[in-house]
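Starting off with a structure, shown below.
The values are calculated or read from the model by the stated rules, or taken from the named source; none is laboratory data. Since the structure is predicted, the reported quantities are computational estimates derived from the model, not experimental observations. Ideal geometry is used to build each Cβ from the backbone, glycine not excepted, and the neighbour counts take in all protein chains shown.
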Amino acid sequence: MRRAVSTSVGRLAVEETPVPAAGSGEVVIGVEACGICGTDRSLFAGDTPFVFPAVQGHEFSGTVVDLGADVRSLKVGDRVAVDPNVVCLTCAACRRGQSHLCVNLSPLGISRSGGFAEFAAVPERNAYAMPPQMSFDEGARAARAPGLLKSEASSGSGRRGGRSRVGHAPTGSSRPGGRARFRWSRRGHEGGRLPVPRLIPTRRASLFTR
Ligand SMILES: [Zn+2]
Ligand SMILES: [Zn+2]
């Protein structure tokens with residue numbers, strides 16, 4: 001398969017590599033859509049500390065093509081949106097049910113290989129089966145939701161029991177776009193209205209042509 005490797009600041013190489021194997025509790029997906037987010041740009045440009053080389057891309061969706069041992073909730077052929085935030089489930093925050101504050105966060109596309117590739121191995125628990133009416137583009141953009149929740153929680157701007165707002169930027173843009181709302185409760189976040197960020201067609205980039 002082909003993958004785009006960020007080899008050093010500002011340098012990208014498309015290389016051939018074997019399709020990753022699905023480890024225990026992982027699925028391999030054929031990547032169908034992957035956003036290029038402001039974080040990708042910042043890491044690639046060296047504006048944010050980053051360990052090169054790396055396969056970036058943390059907003060992606062695809063089709064399950066292989067299952068590792070112990071995978072129960074998904075099957076080959078499932079269309080999935082990927083939550084890039086891989087958490088440990090053992091630290092104090094994870095045990096409190098606030099895994100968005102995990103101290104051992106290991107995001108796909110940042111700390112481990114992401115979606116700028118034809119195939120990617122992701123933990124089963126980070127792959128969410130999409131409803132049939134959801135497109136792969138929408139699935140890739142929906143993956144931004146956990147990041148919004150995390151940044152909101154980290155900023156401390158949310159008031160418990162109240163409502164708070166966070167701005168977000170459309171995929172492919174650094175300008176603030178729509179707004180998302182979340183309701184806070186004792187247990188943490190409760191889902192609110194979450195608009196899928198706008199896709200800006202003129203800013204789409206294609207790494208691979210099929
Ligand atoms: Zn992002
Ligand atoms: Zn944790």
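Would you say Val87 is modelled with pLDDT of 95 or more and of a type outside the set (Gly, Ala, Ser)?
Judged against the criteria, Val87 is not a match.
Related question: Consider region 53-74. How many of its residues are within 16 Å of ligand 1 (Cβ to nearest atom), more than 20 Å from Ala129 (Cβ to Cβ) and in a loop (DSSP other than H, G, I, E, B)?
Final tally of qualifying residues: 3.
Which condition from (1) closer than 20 Å to Ala129 by Cβ; (2) surrounded by 17 or more Cβ atoms within 10 Å (Cβ to Cβ) is the one that Ile110 breaks?
Of (1) closer than 20 Å to Ala129 by Cβ; (2) surrounded by 17 or more Cβ atoms within 10 Å (Cβ to Cβ), only one is false for Ile110: (1).
Output the number of residues of region 32-52 satisfying the condition of being within 16 Å of ligand 1 (Cβ to nearest atom) and under 18 Å from Ala142 (Cβ atoms).
Selection size over region 32-52: 8.
Restricted to region 3-42, and to residues that are charged (D, E, K, R) and closer than 17 Å to Val122 by Cα, which residue is nearest to the chain's Cα centre (by Cα)?
By that ranking, first place goes to Glu32.
Something else about it: Being within 29 Å of Ser73 (Cβ to Cβ), touching a Phe, Trp or Tyr at 6+ places or on another chain (Cβ under 7 Å) and among the acidic types (Asp, Glu) is the requirement here; does Glu32 meet it?
yes
While we're on this one: It is to be established whether one or more residues within region 75-84 are touching a strand residue (DSSP E or B) at 6+ places or on another chain (Cβ under 8 Å), of a type in the set (A, V, I, L, M) and surrounded by fewer than 20 Cβ atoms within 10 Å (Cβ to Cβ). Full working, then the answer.
We begin by selecting, within region 75-84, every residue touching a strand residue (DSSP E or B) at 6+ places or on another chain (Cβ under 8 Å); these are 75-84.
Adding the requirement that they be of a type in the set (A, V, I, L, M) leaves 76, 80-82.
Restricting the remaining residues to those that are surrounded by fewer than 20 Cβ atoms within 10 Å (Cβ to Cβ) gives 76.
There is at least one residue in region 75-84 that is touching a strand residue (DSSP E or B) at 6+ places or on another chain (Cβ under 8 Å), of a type in the set (A, V, I, L, M) and surrounded by fewer than 20 Cβ atoms within 10 Å (Cβ to Cβ).
Please give the number of the condition Ile29 fails out of (1) over 27 Å from Val19 (Cβ atoms); (2) away from ligand 1 (no atom under 16 Å from the Cβ); (3) in contact (Cβ under 8 Å) with a residue 60 or more places away in the chain.
Condition not satisfied by Ile29: (1).
How many residues, within region 6-31, are in a strand (DSSP E or B) and surrounded by fewer than 19 Cβ atoms within 10 Å (Cβ to Cβ)?
The total comes to 9.
Something else now. Go through region 75-106 and give me each residue that's in contact (Cβ under 8 Å) with a residue 40 or more places away in the chain, away from ligand 1 (no atom under 16 Å from the Cβ) and touching a helix residue (DSSP H, G or I) at 6+ places or on another chain (Cβ under 6 Å).
Leu101, the sole residue that qualifies.
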